[in-house]
Amino acid sequence: PAQTKSEYDLVTLTSFLLKEQAKGTMDGELAIVLSSIAVACKQIASLVTRAGISNLTGLAGAANIQGEDQKKLDVVSNEVFCNALRASGRTGIIASEEEDLPVSVEETYSGNYVVVFDPLDGSSNIDAGISTGSIFGIYAPSEECAIEDMDDPEKMMQNCVLNVCQPGSSLLASGYCLYSSSTVLVLTIGHGVFGFTYDSQIGEFVLSHPDLKVPEEGKIYAFNEGNYEGWETGLRDYMDSLKNASKWGGKPYSARYIGSLVGDFHRTLLYGGIYGYPGDTRNPNGKLRLLYECAPMSMIIEQAGGVGSTGRGRVLDVMPEKVHQRVPLFIGSKKEVEYLESFLK
Ligand code: AHG
Ligand code: MN
Ligand code: MN
Ligand code: MN
């Protein structure tokens, strides 16, 4: 008889990774890194939920290399991620929004993966209890520079930067965890996109969104229109056209923007439409960082059948020069992103 699925036959992140490993789509070492990231996300979910009653709201009193005033939870989340990756024993180098330079991890026994991450995305939302997230990407170590032969610090640093500055097209895996009305970990290892909802009663991420695909088109746009005046003309014309009811059968697009890339992206992935963070006169390359925000999200959207663009090309094709470099980002349904690109030709 056909294998009946009992209600107790749930698929957790762990069983999913074991099955992928059995299928040969990923190796066990990578599964270990992903499991350690999931543990970090569970810890951060708990910290975020209780921020207001554990004195973890507000500023840390320091700035990061991006010139942002770090929130206490930016710093704590970064430590949680670094500790979890170190404990995995499979991580060679890490790069974080909250670390000035890439860090080489001594406690590597095997695997040697390069992990880039934004430990807490949308952290300005923390004090108001609004959605935040974590974003991560995993690369194989680059062949050019083995991490072993590191005697002088200068060479060490150059090799670390070389190892993290890989194009998004080389990502082995990428994902994010949304901390919102529910905690959802969304992941791709290059064979489709899978969402796991955290069940605090059993302490597991349970498969809730198998093989996610972004709708071909949507009716929502997510841009910070406060920057409209600084946008290039083509972009202003694009935004004006989305609001022109007569162009869309009498119903213009809706605006939704919560100031957290993870939250705005997750809604775009599920409902369709477009998220954009353009360059403007003050910041020609926009605000979002290529390595640990734009590239991982672009791998996910492409695996889900959508588009991740800088406005003038594929995000995954951009070769990073600097760890914290920024690029404009337009990401979501094929129709809305390609329509935008037609205004920027
Ligand atoms: P982070 O909190 O990791 O620094 O990222 C914040 C980013 C992104 O999450 C969000 O979409 C964007 O900043 C919001 O920027 P504006 O407030 O300028 O719209
Ligand atoms: Mn930040
Ligand atoms: Mn961010
Ligand atoms: Mn951040």
Would you kindly state how much longer the chain becomes between Ala140 and Tyr257 on full extension, computed as 0.36 nm times their sequence separation minus their alpha carbon distance, in nm to one decimal? 38.7 nm
Rounded to a whole number, what % of the accessible area of the chain do carbon and sulfur atoms account for, probe 1.4 Å? 52
Using the Karplus curve 6.51 cos²θ - 1.76 cosθ + 1.60 with θ = phi - 60°, work out ³J(HN,Hα) for each residue of the range 193-204 in order, rounded to whole Hz, and write x for Gly and Pro. 10, 10, x, 10, 9, 6, 9, 5, 6, 10, x, 10
Debye intensity ratio I(q)/I(0), log10, the range 284-338, q values 0.24, 0.26, 0.27 Å⁻¹ (C-alpha model): -0.87, -1.00, -1.06
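Pulled fully out, how much extra length does the chain show between Leu101 and Ile53, if you take 0.36 nm times their separation in residues and subtract their Cα-Cα distance? Kindly include the intermediate steps, with their values, before the conclusion.
Values: separation 48, 0.36 × 48 = 17.28 nm, distance 3.24 nm.
The Leu101-Ile53 span can extend by a further 14.0 nm.
For the range 243-345, what is the convex hull (Cα atoms) projected area averaged across all directions, in square nanometres? Let's see the in-between values first.
Numbers: hull surface 28.1 nm².
Approximately 7.0 nm², given one-decimal rounding.
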Given a 1.4 Å probe, the accessible area of the range 21-108 per residue, as a whole number of Å², is 42
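Once the mean 1/r over all distinct Cα pairs of the range 234-286 is inverted, what Kirkwood radius in angstroms do you read off? Each step should come with its number before you reach the end.
On the way: mean 1/r = 0.0791 Å⁻¹.
For the range 234-286, inverting the mean 1/r across all distinct Cα pairs yields 12.6 Å.
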List the residues, sorted by chain then number, that are 5 or more residues from Glu204 or on another chain and whose placed amide H is less than 5 Å from its amide H. Asp199
Taking every alpha carbon pair in the range 189-302 and sorting the distances into 5 angstrom bins from 0 up to the bin holding the longest one, the percent per bin comes out as 2, 10, 17, 19, 20, 14, 9, 6, 3, 1, 0
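Relative contact order (percent) for the range 178-240, with alpha-carbon contacts under 8 angstrom and 6 or more residues of separation? Walk me through the numbers on the way to the answer.
Numbers: 56 pairs, mean separation 12.2, N = 63.
Rounded, it is 19 percent for the range 178-240.
By how many nm would the segment from Glu68 to Asp9 grow when fully extended, if each residue of separation counts as 0.36 nm and the alpha-carbon distance is taken off?
Working: separation 59, 0.36 × 59 = 21.24 nm, distance 4.54 nm.
Here the segment from Glu68 to Asp9 would lengthen by 16.7 nm.
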Kirkwood-Stokes translational diffusion coefficient of the range 63-153, alpha-carbon pairs, 25 °C, 0.890 mPa s, µm²/s: 174
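Leaving ligands and nucleic acids out of the surface, order Ser46, Ser131, Ser246 by accessible area at 1.4 Å, largest first. Write down the numbers at each step before the final one.
Working: Ser46 60, Ser131 20, Ser246 100 Å².
These residues rank, largest area first, as Ser246, Ser46, Ser131.
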Between beta-carbons, use under 12 Å as the cut-off and find the net charge around Val307, counting Lys and Arg +1, Asp and Glu -1. -3
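If I take every Cα pair under 8 Å that is 6 or more residues apart in the chain, average their sequence separation and divide by the length, what percent do I get for the relative contact order? Let's see the in-between values first.
Details: 722 pairs, mean separation 52.7, N = 345.
Here the relative contact order equals 15 percent.
My understanding is that a pair violates if its Cα-Cα distance is over 25 Å; which of Lys23/Lys213; Lys155/Lys287; Lys155/Lys322; Lys19/Lys334; Lys19/Lys213; Lys251/Lys334 do that in this structure? Numbers along the way, then the final one.
Working: Lys23/Lys213 22 Å; Lys155/Lys287 30 Å; Lys155/Lys322 16 Å; Lys19/Lys334 31 Å; Lys19/Lys213 21 Å; Lys251/Lys334 20 Å.
In this structure, Lys155/Lys287; Lys19/Lys334 lie more than 25 Å apart at Cα.
With the radius of gyration and the Kirkwood radius both derived from the Cα set of the range 1-115, what is their ratio Rg to Rh?
Details: Rg = 17.9 Å, Rh = 16.3 Å.
Here the Rg-to-Rh quotient is 1.10.
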Using a simple spin-label model with points 7 Å from Cα along the Cα→Cβ vector, what separation in nm is obtained for Lys213 and Ala128? 3.6
Once phi is turned into ³J(HN,Hα) by the Karplus curve 6.51 cos²θ - 1.76 cosθ + 1.60 with θ = phi - 60°, what whole-Hz value does each residue of the range 170-176 show in order, with x for glycine and proline? 8, 4, 8, 7, 8, x, 8
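Quote the Stokes-Einstein diffusion coefficient, in whole µm² s⁻¹, for the chain, based on the Kirkwood radius over alpha carbon pairs, a temperature of 4 °C and a viscosity of 1.567 mPa s.
Details: Rh = 20.7 Å.
Value of D from the Cα-based Kirkwood radius: 63 µm²/s.
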Show the residues, 5+ positions off or on another chain, whose built amide H is closer than 5 Å to the amide H of Val11. Leu207
Descending Cα extents along the principal axes, the range 159-240, whole Å: 51, 41, 24
Dipole magnitude of the range 24-86, debye to nearest 20 (Cβ charges: Lys/Arg +1, Asp/Glu -1, about Cα centre): 280
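For the range 203-286, calculate the relative contact order in percent as a whole number, restricting contacts to Cα pairs under 8 Å that are 6 or more residues apart.
On the way: 89 pairs, mean separation 37.4, N = 84.
For the range 203-286, the relative contact order is 45 percent.
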Kirkwood-Stokes translational diffusion coefficient of the range 129-267, alpha-carbon pairs, 4 °C, 1.567 mPa s, µm²/s: 69
Residue by residue, what Karplus-based ³J(HN,Hα) values in Hz, rounded to whole numbers, does the range 76-91 have, using 6.51, -1.76 and 1.60 with θ = phi - 60° and x for Gly and Pro? 5, 5, 5, 5, 4, 5, 4, 5, 5, 6, 4, 5, 5, x, 10, 10
Using only helices, what value at 222 nm comes out for the chain when you add -39,500 (n - 2.57) per DSSP H run of length 4 or more and divide by the total residues, to the nearest 500 deg cm²/dmol? -9500 deg cm²/dmol
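At 1.4 Å probe size, with every protein chain present, just tell me what the per residue accessible area of the range 220-315 comes to in Å².
Values: 3640 Å² over 96 residues.
Ligands and nucleic acids excluded, the figure is 38 Å² per residue.
The values are calculated or read from the model by the stated rules, or taken from the named source; none is laboratory data. Here the structure is a predicted model, which means the values were calculated and not measured. Methodologically, a virtual Cβ is constructed for each residue, glycine included, from the backbone with ideal geometry; neighbour enumeration extends over all protein chains shown. In case anyone asks, the SASA skips ligands and DNA or RNA and just uses the protein heavy atoms, side chains included. Shrake-Rupley method; radii C 1.70, N 1.55, O 1.52, S 1.80 Å.
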